[in-house]
1. Pull up region 230-241, narrow it to residues that are of a type outside the set (A, V, I, L, M) and part of a loop (DSSP other than H, G, I, E, B), then point me to the one that is modelled with the highest pLDDT.
2. Being part of a helix (DSSP H, G or I) and either farther than 29 Å from residue 241 by Cα or among the aliphatic types (A, V, I, L, M) (or both) is the requirement here; does residue 92 meet it?
3. Just to be sure before I move on: is residue 122 within 29 Å of residue 232 (Cβ to Cβ), aliphatic (A, V, I, L, M) and out of contact with any Phe, Trp or Tyr (no Cβ under 8 Å at 6 or more places or on another chain) in the structure I sent?
4. Can you tell me which residues in region 65-115 are at pLDDT 85 or above and on the phi > 0 side of the Ramachandran plot?
5. In region 61-86, how many residues are over 25 Å from the mean Cα position of the chain (by Cα) and among the hydrophobic types (A, V, I, L, M, F, W, C)?
6. Can you tell me which of (1) within 25 Å of residue 236 (Cα to Cα); (2) touching a residue at least 40 places away in the same chain (Cβ under 8 Å) is the one residue 101 doesn't meet?
7. Let me confirm something: among 227, 141, which residue is at pLDDT below 90, in contact with a strand residue (DSSP E or B) (Cβ under 9 Å, 6 or more places away or on another chain) and closer than 24 Å to residue 123 by Cα?
8. Test residue 235 against the criterion of being under 20 Å from the mean Cα position of the chain (by Cα), small (Gly, Ala, Ser) and crowded, with 18+ Cβ neighbours inside 10 Å, and give yes or no.
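The values are calculated or read from the model by the stated rules, or taken from the named source; none is laboratory data. Bear in mind the structure is a predicted one, so any value in this text is a computation, not a measurement. With ideal geometry, Cβ positions are generated from the backbone for all residues, glycine too; neighbour counts draw on all protein chains shown.
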Amino acid sequence: MRDVRSDPAHERALQDDNRTPSLDSPLLRKAREYTASRVAREQGYYPYFRPISSAQQTEVSINGRRTLMLGSNSYLDLTNHPEVKRAVQETVEKYGSGCAGSRFLNGTLDIHLKLEQELADLVGKEAVLLFSTGFHANMGTVSAIVGRNEYVLADKEDHASIIDGCMLAPGHFVRFNHNDVCSLKSQLERIDRNTGKLIVVDGIFSMSGDIAPLKEIVETAEDYNATLMVDEAHAIGVLGDRGAGTAAHFGLTDRIHIIMSLQVIRDFFDTVMIRGSDVGFIKIEFNLQFNRFDNSFTTGLLSATK
């Protein structure tokens, strides 16, 4: 029997196995040469990834100092509400600390379905689909609905999650000037009326605080046979009857096809509310359930988010 240890090819294979990975590939070199964050840290104005060692309240502890928290999205401080904490503890005792699977397979709990129905009743929609985060909700919904040779039209100041969803969609991505209905109409004029079109706007824009001119946008969507989606992440809990958001504020809930996010419970998760006045839109819920990896291949919401 031949001793493979003396085989030159075997020796070369061993040498190859022991080689260290090259750090000089173009992508790794680009990452290594990126210095902006290091320079910002050295100059003392880098504001990101600061470790917090306390609960998320109006004041937090950073590096041993009490610091005002002005960046939290726990607007109603539900993360620290005693009843919420107690409910979390009780639910974890019953269901455990996680779902151990995606919603698609074994990660849908009975309390998920109960919560979806309660949220649908709250916002006056027929169906609700929970996503783990607002980013997932926007990215998954937009990219699932807009198919090849169809169009998605987004305000230039839409949230990054909407933009990512638009870029993932296999259709055409068009942007219009911020809160400019004339710009939106100009883009729609170039698209055949019978071609699928999704318009996506924020109800309240997160960076500027501008409120979308929803009445004019709804009328435009109807005139051009387009579907309308509104991200209410920063509007629910702020505008409208019972804090139901921009759509409710303008009395347009029944004329908006898809509403994203429930800010009142943003501390835990985000949702997509589907308009229920047309059977066609109920199918959107199932389209999202079965055709978006964001939902079907992501572990289900923690049971404590009930």
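1. Narrowing region 230-241 to residues of a type outside the set (A, V, I, L, M): 231-232, 234, 237, 240-241.
The next check asks that each one be part of a loop (DSSP other than H, G, I, E, B); those that pass are 232, 234, 237, 240.
Values: 232: 87, 234: 84, 237: 76, 240: 80.
Selected residue: 232.
2. Working: part of a helix (DSSP H, G or I): yes; either farther than 29 Å from residue 241 by Cα or among the aliphatic types (A, V, I, L, M) (or both): yes.
Taking the combined requirement at face value, the residue satisfies it.
3. Working: within 29 Å of residue 232 (Cβ to Cβ): yes; aliphatic (A, V, I, L, M): yes; out of contact with any Phe, Trp or Tyr (no Cβ under 8 Å at 6 or more places or on another chain): yes.
So residue 122 fits the description; yes.
4. 96
5. Taking region 61-86 as the starting set, the residues that turn out to be over 25 Å from the mean Cα position of the chain (by Cα) are 61-68, 82-83, 86.
Okay, now just the ones that are also among the hydrophobic types (A, V, I, L, M, F, W, C), so 62, 68.
Matching residues across region 61-86 total 2.
6. (1)
7. Working: 227 fails: at pLDDT below 90.
Matching residue, one of 227, 141: 141.
8. Details: under 20 Å from the mean Cα position of the chain (by Cα): yes; small (Gly, Ala, Ser): yes; crowded, with 18+ Cβ neighbours inside 10 Å: yes.
In short, yes.
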